[in-house]
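This report concerns only the one structure given below.
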Amino acid sequence: MEGILIVLATSYIFYENILAALVLSPYIYLHIKESRKIEENKQRLKTACEFKDGIMSVAFSLSVGYSIENSFAEAATQLKSLYGKDSGIVKEFETIVNKLAQNENLEDILDEYAYKSNVEDIKYFAEVFRYAKRNGGDILSVIRNTAMVIKEKADVNSEVETILSGKRMEQKVMSIIPFGIIMYLKLTAREFISALYGNIVGAFIMTMCLCVYVLADQWAKRIVNIEV
């Protein structure tokens, strides 16, 4: 519905022709695709944040003498108090605990979780853990150090998001301004822009303006889209 409304609004503002909506209708698919990508990125960031808390709890439990199995079980308990028993991260940690109880290899469990979540921090942790396990490294130190790296990265990412949140809002406002200007002229100074509607030359000019607007909007989104 959001994509349809954008197409209809663009057709009216730039062309005042409902047929233009048919030409612009492929944008609806692109809008849905972009919206899904944004939601997936938000979910990955959320999962990474939750995993950071979980793995920090595991590292703490290991440092006080818990076994691997009990450390993940304790982490699952801690995560329940933070995110609720029905949260995705709690279910994943409980799955890890159950698989460990069935004598499955932790590195295989982590690899499966990393593949399913598609989160870089989890993939990084799984790879480091497998490498340390194969080469006889100090598992406690590996988990503790990797957890600290993930925590530091999450802290930096949080700071960057805080700084950029205001800039993203400014970018959204700036993206709306061109539509607002044209609507304002339509309502207050119709005679100045009437020549741009109902003829080929006007449609060409408005199409060029729309192309410039789309390019500027995409450029602005790239500027404020910084990944740590």
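Are any residues in the range 18-44 touching a residue at least 40 places away in the same chain (Cβ under 8 Å) and within 16 Å of Tyr197 (Cβ to Cβ), and if so, which ones?
none
Among residues belonging to the range 67-76 that are in contact with a Phe, Trp or Tyr (Cβ under 9 Å, 6 or more places away or on another chain) and not small (Gly, Ala, Ser), point out the one that is farthest from Ile122 (Cα to Cα).
Glu74
Given the residues Ile32, Ile68, Ile89, Ile6, which is the only one that is farther than 28 Å from Leu210 by Cα and modelled with pLDDT of 85 or more?
Details: Ile32 fails: farther than 28 Å from Leu210 by Cα; Ile68 fails: modelled with pLDDT of 85 or more; Ile6 fails: farther than 28 Å from Leu210 by Cα.
The conditions single out Ile89.
Picking from Ile32, Ile38, which residue would you name as being at negative phi, in contact with a Gly (Cβ under 7 Å, 6 or more places away or on another chain) and either in a helix (DSSP H, G or I) or surrounded by fewer than 20 Cβ atoms within 10 Å (Cβ to Cβ) (or both)?
Every option except Ile32 fails the conditions.
Scan the range 85-110 for residues that are without any contact (Cβ under 8 Å) to a residue 12 or more places away in the chain and either under 22 Å from the mean Cα position of the chain (by Cα) or within 18 Å of Leu45 (Cα to Cα) (or both) and jot them down.
Matches in the range 85-110: Asp86, Lys91.
Criterion first (over 22 Å from the mean Cα position of the chain (by Cα), part of a helix (DSSP H, G or I) and either closer than 30 Å to Phe60 by Cβ or small (Gly, Ala, Ser) (or both)) does Ala154 satisfy it?
Details: over 22 Å from the mean Cα position of the chain (by Cα): no; part of a helix (DSSP H, G or I): yes; either closer than 30 Å to Phe60 by Cβ or small (Gly, Ala, Ser) (or both): yes.
Criteria not met by Ala154.
The values are calculated or read from the model by the stated rules, or taken from the named source; none is laboratory data. Bear in mind that the values here come from a model prediction, so they are computed numbers and not experimental data. Positions of Cβ are generated from backbone atoms using ideal geometry, with glycine treated the same way; all protein chains shown enter the neighbour counts.
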